[in-house]
């Protein structure tokens, strides 16, 4: 046995940071370690069931999802309405679908910011997002083939505070963008299959 081997200290796993600002950091690290050892558990399917109400009003329910090797139900179903405002021929029974998209982007990035900050031992005291999307309705109204149907540009800005220097907080935001599922789908696209049963 070499002198180096005789004096080497046993290697112990570093404990995760304690829970912070509502993020169960030990559970986050445990989940990462389980998925690292069993990658098949990373496959999830999220679902929404939607039904037209009237006019441009539609209601979706998010109740269950598949993942981590099984079926799961949320604590309670979430019901979300979408509609168009009166100026766009709707009854304004809920945000427009494109506003829900902005909400999804802000929600995904904010969740990432909270998790990453907790994992890095940073306590957040404020995370606020302003999200804007610019759209030219001539596309969806069929008035121009030169205008896309969806947003031409989306901008999101964060006002973030915590017990870390500004540079570290900005890095946490950048890391959230790099790992965001919604940001990835919006900026890289994905196949979308539409079928209809009549």
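A few points about this structure:
- Scanning the range 93-109 for residues that are touching a residue at least 40 places away in the same chain (Cβ under 8 Å), touching a strand residue (DSSP E or B) at 6+ places or on another chain (Cβ under 8 Å) and assigned to a helix (DSSP H, G or I) turns up 98, 101, 102, 105, 106, 109.
- Scanning the range 26-47 for residues that are under 11 Å from residue 119 (Cβ atoms) and either modelled with pLDDT of 95 or more or within 18 Å of the chain's Cα centre (by Cα) (or both) gives 28, 32.
- Test: residue in the range 123-131 that is at pLDDT 95 or above, assigned to a loop (DSSP other than H, G, I, E, B) and either closer than 30 Å to residue 167 by Cβ or in contact with a strand residue (DSSP E or B) (Cβ under 8 Å, 6 or more places away or on another chain) (or both): yes
- Of everything listed in (1) free of Cβ contacts under 8 Å to residues at least 24 places away in the same chain; (2) in contact with a strand residue (DSSP E or B) (Cβ under 8 Å, 6 or more places away or on another chain); (3) within 25 Å of residue 179 (Cα to Cα), the single unmet condition for residue 49 is (3).
- Per-region count, the range 132-165, residues assigned to a strand (DSSP E or B) and under 20 Å from residue 183 (Cβ atoms): 11
- Residue list for the range 174-190, restricted to those being farther than 14 Å from residue 119 by Cβ and either in contact (Cβ under 8 Å) with a residue 40 or more places away in the chain or buried (at least 17 other Cβ atoms within 10 Å of the Cβ) (or both): 177, 180, 181, 182, 183, 186
- Note on the range 146-165: among residues that are over 26 Å from residue 118 (Cβ atoms) and touching a residue at least 24 places away in the same chain (Cβ under 8 Å), the one that is surrounded by the most Cβ atoms within 10 Å (Cβ to Cβ) is 154.
- The one condition in (1) assigned to a helix (DSSP H, G or I); (2) in contact with a strand residue (DSSP E or B) (Cβ under 9 Å, 6 or more places away or on another chain); (3) surrounded by 17 or more Cβ atoms within 10 Å (Cβ to Cβ) that residue 168 fails to fulfil: (3)
- Verdict on residue 196 being closer than 28 Å to residue 45 by Cβ and within 17 Å of the chain's Cα centre (by Cα): no
The values are calculated or read from the model by the stated rules, or taken from the named source; none is laboratory data. Remember, it's a predicted structure, so these values are computed and weren't measured experimentally. Cβ coordinates were reconstructed from backbone atoms using ideal geometry, including for glycine residues, and neighbour counts include every protein chain displayed.
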